[in-house]
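**Student:** Structure in C-alpha cells, see below.
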Amino acid sequence: MTKKSIKDIKLSGMRAFTRVDFNVPRKEDGTITDDTKIRAALPTIRYLLEQGAAVILASHLGRPKGKVNEALRLDSVAQKLSDLLEMEVTKTSEVVGEEVTRAAGELKPGSVLLLENVRFHPGEEKNDSELAKAYAELADVFVSDAFGTAHRAHASNSGVAQYIPAVAGLLMITEIENLTKSLHSPTRPVVAIVGGSKIADKIGVLNTFLKTADSLLLGGGMANTFLRAKDHNMGRSLLEEDKLADAAEIMREAANHDVNLCLPVDFIVADKVDEAAQAETVTVESVPADKMALDIGPQTRKIYKDLISKAGTVIWNGPIGVFEIDKFAEGTIDVARAIAESEAFSIIGGGDVVAAVEKAGVAQDISHLSTGGGATLEFWEGKELPGIAVLQDK
Ligand code: ADP
Ligand code: MG
C-alpha cells in the first residue's frame, strides 16, 4: 500500500473526522434491515478509540438532495452504532454549525460523535469548499473509510482533505489491497464473471478484464447483448441495442488477447419475470420470440462451474440471472457455490451480486466481498477515485 493509513500516524489526542458509509437499507418506518455497512466500519472506529483519538463520524443516508428530510436522519444509525460499540454515541441534529462545533470541541479522546446526514447540506455533493473547510475545522486529521462513495468528489470524502491531512481507514485499506491484488498480481488462471442489468455501465470493466483475465464468463443482460451482437434471436430478453458494436469489438479483442470469452449455450426462459411464470429450458439457438432469457441453463452452469473450479482467482460483478426470483436464481446460486468451494482467491463486487451471494449462504467463503458498487467498478476500470486520490502517500 502506497497510501498512508491510520496505522502510519500518531492518533493519541487527535480529533479524527472520519467519513464512513452508513448508507444502510431500511424499512419504510426507518428500521435498519441490514447493519453490514455499520459493522464494516467498526474496526476503524475501534482502532481510533483505542489509540486515544476523539472520533467524529460523517455519513450520508439515501438521497435527500441537499435538503433536510426527516425520514433520513441518522438517529437510528447512531442507536445501532451505540449498541454495536457498547458505548454512548452522541449525535448532532445538524451537519455543521454552532451545535456541531460545540459538540466536537467538547468531545473527549475515546468518545464518538456522529454528525447528521451530510447530504442534508446543499454543499456536500457540490464539494463546496466552505463546507469542506467547516468539516476540517472540527478535526486534526481526515480518515477516509467510505470506500462505497470513493468514486464521488464530495465535501466530506474529498474536499475536506484540502485542509487537513488525509489517511485511509482499515476498511479502505482492505478494499484497495484486495482490489489491487485481483488486478495486478493475481494467481492464474483468472476467471472474471460479469452479469447484471447495468450493461452500459460495465463495458469499461470488460475492457480491463480483457487485459487481466484468462477466461471471461458473461451472464445476465450483458450475455444477452453479446449474443444479439452475434445475430442470435434473443426474443424479449433484456439487452442494450446501443452496445452491440461495443460487444462485437470486445469479442474481437478477446480473440486478439487470447481470452476465453464464454457466452451461455442455454437458458431458462419465461414470458414474465414472475415466480408464477411458466419457465422452460432452451438452447441459445431457440429462444422463443415472445420470451425472455432470465437465467443460464444447466449446460452453461456446468461449463462455468468447471472453469471456476480450476481458477486461481475469481472476480465477479453482476448476477447471472434474475436471482431475486427462485425460479431464475439457480445459475447465480450455482456460480456462487462453485466460487465458495474453489480454492481460488475470490473477490465479488456490486450491490446486487453481493446480495445474491448472501442469499446463496456462502458469503463467509468468499475471500473479499467489496462494499462498493460503482466505486468497485471504477477501480477495476483503472480510474482514479477522488476519495483515494486525496490520501497522503507514505
Ligand atoms: P450489480 O449490482 O451486482 O452490479 P446490476 O445492478 O448490474 O448488478 O444488475 C442486477 C440486476 O440484474 C438484478 O436485479 C437481476 O435481477 C438483473 N438480471 C440479471 N440477469 C438478468 C436477465 N437475464 N434479465 C433481466 N435482468 C437480469
Ligand atoms: Mg446493482
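**Student:** Looking at S185, is it among the hydroxyl-bearing types (S, T, Y) and over 19 Å from the mean Cα position of the chain (by Cα)?
**Tutor:** On the way: among the hydroxyl-bearing types (S, T, Y): yes; over 19 Å from the mean Cα position of the chain (by Cα): yes.
Yes: the conditions hold for S185.
**Student:** If you go through region 34-43 one residue at a time, do you hit one that is assigned by TED's automatic domain parsing to the domain that holds H121 and touching a His at 6+ places or on another chain (Cβ under 9 Å)?
**Tutor:** No, region 34-43 contains no residue that is assigned by TED's automatic domain parsing to the domain that holds H121 and touching a His at 6+ places or on another chain (Cβ under 9 Å).
**Student:** Hey, another quick one. Name the pairs whose Cβ atoms lie under 8 Å apart, with the first residue in region 310-330 and in contact (Cβ under 8 Å) with a residue 12 or more places away in the chain, the second more than 16 Å from ligand 2 (Cβ to nearest atom) and among the basic types (K, R), and 6 or more positions between them or separate chains?
**Tutor:** Cβ pairs passing all conditions: G312/R188; T313/R188; E330/R301.
**Student:** Here's a follow-up. From the list A270, A229, A213, A279, exactly one residue is in the same structural domain as S185 (by TED's automatic domain parsing) and more than 23 Å from I333 (Cβ to Cβ). Which is it?
**Tutor:** From the options A270, A229, A213, A279, the qualifying one is A229.
**Student:** To continue, here is another question. Would you say F323 is surrounded by 24 or more Cβ atoms within 10 Å (Cβ to Cβ), of a type outside the set (V, I, T) and touching a Leu at 6+ places or on another chain (Cβ under 9 Å)? Steps first, answer last, please.
**Tutor:** Working: surrounded by 24 or more Cβ atoms within 10 Å (Cβ to Cβ): yes; of a type outside the set (V, I, T): yes; touching a Leu at 6+ places or on another chain (Cβ under 9 Å): no.
Judged against the criteria, F323 is not a match.
**Student:** Here's a check for you: in region 308-322, which residue that is polar (S, T, N, Q) and within 19 Å of the chain's Cα centre (by Cα) is farthest from ligand 2 (Cβ to nearest atom)?
**Tutor:** Just the residues of region 308-322 that are polar (S, T, N, Q), to begin with: 309, 313, 317.
Keeping just the survivors that are within 19 Å of the chain's Cα centre (by Cα) gives 313, 317.
Details: T313: 23, N317: 9 Å.
Here the residue is T313.
**Student:** May I ask you to list the residues in region 172-201 that are of a type outside the set (V, I, T), within 16 Å of ligand 2 (Cβ to nearest atom) and either outside the structural domain of E324 (by TED's automatic domain parsing) or within 17 Å of L263 (Cα to Cα) (or both)?
**Tutor:** Within region 172-201, G195, G196, S197 qualify.
Let's see how each residue does on (1) under 19 Å from L171 (Cα atoms); (2) under 25 Å from the mean Cα position of the chain (by Cα); (3) in contact (Cβ under 8 Å) with a residue 40 or more places away in the chain:
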site: L48; (1), (2), (3): yes, yes, yes
site: S59; (1), (2), (3): yes, yes, yes
site: L74; (1), (2), (3): no, yes, yes
site: K91; (1), (2), (3): no, no, no
site: R102; (1), (2), (3): no, no, no
site: L107; (1), (2), (3): no, no, yes
site: L114; (1), (2), (3): yes, yes, yes
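**Student:** Related question: Of the residues that make up region 171-186, is at least one in contact with a Pro (Cβ under 9 Å, 6 or more places away or on another chain), farther than 18 Å from R15 by Cβ and in contact (Cβ under 8 Å) with a residue 24 or more places away in the chain?
**Tutor:** The answer is yes; a qualifying residue exists.
**Student:** Still on this structure, please answer the following. Residues of region 376-391 being over 19 Å from N127 (Cβ atoms) and either in a loop (DSSP other than H, G, I, E, B) or away from ligand 2 (no atom under 13 Å from the Cβ) (or both), which ones? Before you say what the answer is, go through the steps one by one.
**Tutor:** Let us first name the residues in region 376-391 that are over 19 Å from N127 (Cβ atoms), namely 376-377, 379-382.
F379, W380, E381, G382 - these are the residues of region 376-391 that are over 19 Å from N127 (Cβ atoms) and either in a loop (DSSP other than H, G, I, E, B) or away from ligand 2 (no atom under 13 Å from the Cβ) (or both).
**Student:** Continuing with the same structure: Return the residue satisfying two criteria in turn: it lies in region 354-375 and is farther than 16 Å from F147 by Cβ and buried (at least 23 other Cβ atoms within 10 Å of the Cβ), and of such residues it is nearest to ligand 2 (Cβ to nearest atom).
**Tutor:** This residue is A356.
**Student:** Which ones in region 1-35 are touching a residue at least 24 places away in the same chain (Cβ under 8 Å) and among the polar types (S, T, N, Q)?
**Tutor:** Within region 1-35, T2, S5, S12, T18, N23, T31 meet the criteria.
The values are calculated or read from the model by the stated rules, or taken from the named source; none is laboratory data. Owing to the predicted nature of the structure, the values given are computational and were not obtained by experimental measurement. A quick note on method: Cβ atoms are made from the backbone with ideal geometry, for glycine too, and the neighbour counts reach across all protein chains shown.
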